[in-house]
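The values are calculated or read from the model by the stated rules, or taken from the named source; none is laboratory data. As the structure is a computational prediction, the values presented were derived from the model and not from experiment. Heads up, the Cβs are rebuilt from the backbone with ideal geometry, glycines too, and the neighbour counts pull from every protein chain shown.
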Amino acid sequence: MKKYTEYQFSEWVEKISRSDRRAFDDMFRSFYPVLVRFAMRYVSDKTASKDIVQDCFVSLWQTRHRIDAARSLKNYMYMIVRNRALNVIRDRSGIDVDHELATNHGAELSADQDLKADDDDDSTLEMLMNTWIDQLPDRQKEAFNLSRFEGLDHDEIAEVMNVSPKTVNNHIVTALRSLRDKYEQYDNHS
């Protein structure tokens, strides 16, 4: 995946705010897959993730004349996708998110025990690491994923999460400590 600079996003902001459809299309085609993967971290449903991101781009186009050029367009898009994904989770009828997370947590613990019996190869460790990341508290997991998998820096993450960069740093440090502890426990029992 090509990494786009803030300069590219600034160009897009300028052109999109002047109703340049080509710039909007270029940004959409470039950034859409990244945002769909980001939304999937919240809703775990590819179709819903695609709908969320598409709605966010529609909203961006509809409000293009009010885009604040002083703010990062990349951070803005991450923030609105995150907020809409959280709204989808909240609005889903008949789904008790806490119950669902608790059920998945129990299944993951038994999966951890089964995995230790398997060969200690890279794919097993990767699966365990993904499980451990999923078990992090929501805000730690969000900060960690934005940093390590989406490539955002602390200031960008702070804007997306609507917290201070210091809080982002605390979330990431705590997440890394937790993951290291789980790895050490795993390594000692292997």
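You will find that of Arg41, Arg21, the residue that is outside the structural domain of Val160 (by TED's automatic domain parsing) and surrounded by fewer than 13 Cβ atoms within 10 Å (Cβ to Cβ) is Arg21 and no other.
Select, from Val163, Val168, Val81, the only residue that is in a loop (DSSP other than H, G, I, E, B), at pLDDT 90 or above and under 25 Å from Glu6 (Cβ atoms).
Within the list Val163, Val168, Val81, the selection yields Val163.
Listed conditions (1) among the acidic types (Asp, Glu); (2) surrounded by fewer than 16 Cβ atoms within 10 Å (Cβ to Cβ); (3) in a loop (DSSP other than H, G, I, E, B) are all met by Asp181, apart from (3). Restricting the stretch 56-77 to residues that are assigned to a helix (DSSP H, G or I) and loosely packed, with under 14 Cβ neighbours inside 10 Å leaves a set whose member that is farthest from the chain's Cα centre (by Cα) is His65. If you take the residues in the stretch 2-18 that are free of Cβ contacts under 8 Å to residues at least 24 places away in the same chain and charged (D, E, K, R), which one is surrounded by the fewest Cβ atoms within 10 Å (Cβ to Cβ)? Of everything passing the filter in the stretch 2-18, Arg18 is surrounded by the fewest Cβ atoms within 10 Å (Cβ to Cβ).
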